[in-house]
Amino acid sequence: MLKDLVKNLEPSSTLRINEISKVLEEKGKNIFKFGFGQSPFEVPESIVRELQNNAHQNKYLPMQGLKSLRESVAKYTSNKKNFDYKSANVIIGPGSKELMFLLHVIFDGEIILPAPSWVSYAPQAILGRNKSRIIQTKRENNWFPTADDLEKIILKDKKKNYLLFLNSPNNPSGQICENLEEISEITKKYNLIILSDEIYSELAFNNDYKSISNYCPEKTIISTGLSKWCGAGGWRLGYFIVPNELEMIKEKINVLASETFSAVSAPIQYAAIKAYDEDHSIYINLSRNILKNIGNYVYENLKSNKVLINEPQGGFYLMPEFISKKFKSSSEICKEILQQTGVALLPGSDFGFDEKRLIVRLSFTDFDGKKLMDEFKKNPILTKSTMNKLAPKIVAGVNKLRKWSELI
Ligand code: GLU
């Protein structure tokens, strides 16, 4: 009854670990929820109010999204990127994940995925029936592909179309791509386009964030949304910005949108206008600072000669690598850690790494974002006592993990 294509597909590991962690907690286990990655902060009040005020909006909206929202998004992005995007370039979707899926369905060519890559890119490539190529990246290159890595793949057949997924700040590594210029040169030279997943861009820890769209906007589709910076993952609102040069892609995504989800929920779209028209920089700066402090706390307290980690640069993940001969795979080590310590993590194999590398993803979001933000407004320094009081799960979970790692 089932197609071969889906027989081996399992539920997404991010959503699964979220559900497993909740079930274990309900059973009374002390679980440190470092598996799933969602914003710990509340949606800004004015945006919540706007959603309440628009609950009556009951009409289907245009398949590409509400014009006034697309205008707000285009203006917001053009200001940030110094590139002139128009509302016609924007497609609103029920989360950027769904739009990525539609992109896989319409694209004809090879998908290039760096390892590490977010868990859903590879399964979506399978569903889109395109061949995917995995590039094993290196720690010393911030876990991003080099121009050589890309060129090696493309030179195997220059006539094919290639689509590279680039995600910076990165899920799972927490790193920022620094070799954008050389990647853009390759992009301009060949039949290569890029999906630039910028969902964590507002949460880059340094102010000079740049993405590949700053270097080759005409060959880059920007993908982002409300989920991470606005604390609104459950609202499911994401968007693509497709340059004029890739208009065919935009048209076909619209067709597929009209044949699948029709249009994103109307009240959410009206509320989202507030998110992009209003200045939320205070909220964003606070979120970013808190995450930077928490990320650094985890990094400083976990790294050792048995646990290698790169310093976090943005978003809410770290990617520890355990040095041990005791375990055969990253999923085995995650199971053991969960059992022994209650710390939920995700295995690096879910992100494209060879399963023998004992790499895991740690999401440092298990704290009360509202309380921490209120405290941070008064005193923007994370002391030991604030950590103990307001992020006790982070402190205890990291402690347990460090002690466990000393024995491996
Ligand atoms: N992006 C989040 C994560 O990697 C969760 C959202 C999802 O996977 O749909 O944990």
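The values are calculated or read from the model by the stated rules, or taken from the named source; none is laboratory data. Keep in mind that what you see is a predicted model, and the values were worked out from it rather than measured. As a convention, Cβ positions derive from the backbone with ideal geometry for all residues, glycine included, and neighbour counts pool all protein chains shown. These area figures cover heavy atoms from the full protein model, side chains too; ligands, DNA and RNA do not enter into them. Shrake-Rupley method; radii C 1.70, N 1.55, O 1.52, S 1.80 Å.
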Residue count for the stretch 72-111, restricted to those that are over 16 Å from residue 227 (Cβ atoms), free of Cβ contacts under 8 Å to residues at least 60 places away in the same chain and within 16 Å of the ligand (Cβ to nearest atom): 1
Sole exception among (1) at positive phi; (2) in contact with a strand residue (DSSP E or B) (Cβ under 6 Å, 6 or more places away or on another chain) for residue 237, by number: (1)
Residue match in the stretch 24-31 (condition: open to solvent by less than 20 Å² (accessible area, probe 1.4 Å), in contact with a helix residue (DSSP H, G or I) (Cβ under 6 Å, 6 or more places away or on another chain), within 16 Å of the ligand (Cβ to nearest atom) and β-branched (Val, Ile, Thr)): yes
Residues being small (Gly, Ala, Ser), crowded, with 22+ Cβ neighbours inside 10 Å and in a loop (DSSP other than H, G, I, E, B) - total across the stretch 314-363: 1
Residues that are open to solvent by less than 20 Å² (accessible area, probe 1.4 Å), out of contact with any Phe, Trp or Tyr (no Cβ under 7 Å at 6 or more places or on another chain) and either of a type in the set (Asp, Glu) or not in a helix (DSSP H, G or I) (or both), drawn from the stretch 112-141: 120, 135
Some residue of the stretch 126-136 being more than 15 Å from the ligand (Cβ to nearest atom), free of Cβ contacts under 8 Å to residues at least 40 places away in the same chain and under 15 Å from the mean Cα position of the chain (by Cα): no
Residue match in the stretch 241-257 (condition: over 30 Å from residue 84 (Cβ atoms) and either open to solvent by 30 Å² or more (accessible area, probe 1.4 Å) or more than 16 Å from the ligand (Cβ to nearest atom) (or both)): no
Test set (1) closer than 30 Å to residue 408 by Cα; (2) in contact with a helix residue (DSSP H, G or I) (Cβ under 6 Å, 6 or more places away or on another chain); (3) buried (at least 18 other Cβ atoms within 10 Å of the Cβ) - residue 292 fails condition number: (2)
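Inside the stretch 210-240, can you point out the residues that are away from the ligand (no atom under 16 Å from the Cβ) and open to solvent by less than 10 Å² (accessible area, probe 1.4 Å)?
Of everything in the stretch 210-240, those that are away from the ligand (no atom under 16 Å from the Cβ) and open to solvent by less than 10 Å² (accessible area, probe 1.4 Å) turn out to be 211, 212, 213, 216, 220, 221, 222, 240.
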Among (1) more than 17 Å from the chain's Cα centre (by Cα); (2) surrounded by 19 or more Cβ atoms within 10 Å (Cβ to Cβ); (3) over 30 Å from residue 281 (Cα atoms), the one test that residue 101 misses: (1)
From the options 153, 176, 193, 186, residue that is over 13 Å from residue 111 (Cβ atoms) and not in a loop (DSSP other than H, G, I, E, B): 186
